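Asker: Provided herewith is a single structure, encoded as structure tokens, for subsequent inquiry.
The values are calculated or read from the model by the stated rules, or taken from the named source; none is laboratory data. Small disclaimer: the values here were computed from a predicted structure and weren't measured. So basically every Cβ, Gly included, is an ideal-geometry build from the backbone, and we count neighbours across all protein chains shown.
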Amino acid sequence: MAFESGSMSFRMVALPRAFPKDWVEKFAEKRAGSLDASDLEATSGWVTGRHLLDTNITEESALHAGYVRLVWRTASRKVPGALLKAECRMEELARMAADGVPFLKAKDRAEIRKEVKERLTPKMPPTIKAIPFVYQPGTHHLYATAMSDTLLDTLCGALREALGFGGTPDDPEPMAQRLKNVDLMDQAGVGFSKETADVAMEMMPGREFLTWLWFKTETQNGRVALSDGRALDVLIEGPLTFAHEGNGAHLSVLKKGMPERSAEAKTCLKSGKKLKAATVTLALDEATQWRFQLDADTFGVRSLKVPQGEGPMDAVSRFQERMIYLEQFREIFCDLYGSFAELRANGRKWKGELERIREWVPSRPGRR
């Protein structure tokens, strides 16, 4: 499944409270139905993380290395468009020949289409879509593979039906509220370039954070301090996506070579664009590193590579280790963003930081 091996792509979801003690029974009540039903149109429900056909939700099957591992599964049967069109045409030609007419009315063609769909749909193999999540019991957050807002809303709705409460995507705005009790949307958007200092900007906390983090790494030899005093090495690399909600080109994507050192990146910053997406590496030491692609608007994490443990491990131990590293990643990420949110909400301190950022933009290297 999504969190067992390889890189991980996910969105973080904040929960109002921990799972209740009877969570197993609650999810079991909403388990997915059988895929063998011949009249299946569409059905949804929970299955375990062992495989998409495992609807037997018990504590043993739903827990893996101490973590809840479940999947919201949607299954439907759909007649492929080309097949449906061909079958309908066959029926239309047969009826035209039987009735001795050169064409059929729209009403007749609609009836044929309906009859063909009803006849063929039960014979189609089911198409399955899945949204896995992992959750550490006792915590107030989980990780879900739903990267789009639509899929995340679907998952949160399914959680609400099962548990009586859903979750909130840990996007930049609610995360700042949760971590530092500040509403960053109360702050006015600002330009990070002297050339756009007086231009009205839309407040985009995630983009400001990612661009600010880039500024900190380049002006502090790639190192930032965590709140507990530990030093963290941070590297921002391409592909880089710059965005600006003003006049001119709104989106610029730089990739191949070293886009972070390119003249184009410098031009983007000077024109008022901020980082919308980038590849980020966080490192506590040589062996403990996390590399991922960050979407600054949603804090969606793609292709996260966690540190590799030492020596061979069984599947359960390996999964547990990956989840521990995932939790460490979240703690570090929240620490960094919490520092930014606190700084951004402090008018006096932010004014000085903004001046330094505006000095950095034109002075940073820009190679062709």
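Asker: Checking Gly229 against (1) in a loop (DSSP other than H, G, I, E, B); (2) under 26 Å from the mean Cα position of the chain (by Cα); (3) under 17 Å from Asp335 (Cα atoms); (4) free of Cβ contacts under 8 Å to residues at least 40 places away in the same chain, only one condition comes out false. Which one?
Answerer: (2)
Asker: Do the conditions hold for Val134, that is, is it assigned to a helix (DSSP H, G or I) and surrounded by 19 or more Cβ atoms within 10 Å (Cβ to Cβ)?
Answerer: So Val134 does not fit the description; no.
Asker: Sticking with this structure for a sec: Would you check if there is a residue in region 120-142 being modelled with pLDDT of 95 or more, more than 18 Å from Phe333 (Cβ to Cβ) and β-branched (Val, Ile, Thr)?
Answerer: Yes, that holds for at least one residue.
Asker: Could you grab me the full set of residues in region 71-91 that are in a helix (DSSP H, G or I) and in contact with an Asp or Glu (Cβ under 8 Å, 6 or more places away or on another chain)?
Answerer: Glu91
Asker: Turning to a different aspect of this structure: Let me confirm something: among Leu120, Leu163, Leu151, Leu83, which residue is surrounded by 12 or more Cβ atoms within 10 Å (Cβ to Cβ), out of contact with any Cys (no Cβ under 6 Å at 6 or more places or on another chain) and either of a type in the set (Lys, Arg) or over 30 Å from Asp54 (Cα atoms) (or both)?
Answerer: Leu83
The rows are residues; the columns are (1) in contact with a helix residue (DSSP H, G or I) (Cβ under 7 Å, 6 or more places away or on another chain); (2) at positive phi.
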residue	(1), (2)
Trp212	yes, no
Lys216	no, no
Ala225	no, no
Arg230	no, no
Val234	yes, no
His244	no, no
Gly257	no, yes
Gly272	yes, yes
Glu286	no, no
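Asker: Starting from residues that are of a type in the set (A, V, I, L, M, F, W, C) and part of a strand (DSSP E or B), keep the ones in region 50-70 and report whichever is farthest from the chain's Cα centre (by Cα).
Answerer: Leu63
Asker: While we're looking at this one, here's another question. Does Ala265 qualify as being among the aliphatic types (A, V, I, L, M), at pLDDT below 95, touching a strand residue (DSSP E or B) at 6+ places or on another chain (Cβ under 9 Å) and buried (at least 17 other Cβ atoms within 10 Å of the Cβ)?
Answerer: Against the criterion (among the aliphatic types (A, V, I, L, M), at pLDDT below 95, touching a strand residue (DSSP E or B) at 6+ places or on another chain (Cβ under 9 Å) and buried (at least 17 other Cβ atoms within 10 Å of the Cβ)), Ala265 qualifies.
Asker: Scanning region 310-368 for residues that are touching a residue at least 12 places away in the same chain (Cβ under 8 Å) and hydroxyl-bearing (Ser, Thr, Tyr), which turns out surrounded by the fewest Cβ atoms within 10 Å (Cβ to Cβ)?
Answerer: That would be Ser317.
One line per residue, one yes/no per condition, for (1) within 22 Å of Asp186 (Cα to Cα); (2) modelled with pLDDT under 95:
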| residue | (1), (2) |
| --- | --- |
| Gly309 | no, yes |
| Ala315 | no, yes |
| Glu331 | no, no |
| Leu343 | yes, no |
| Gly347 | yes, yes |
| Glu353 | yes, no |
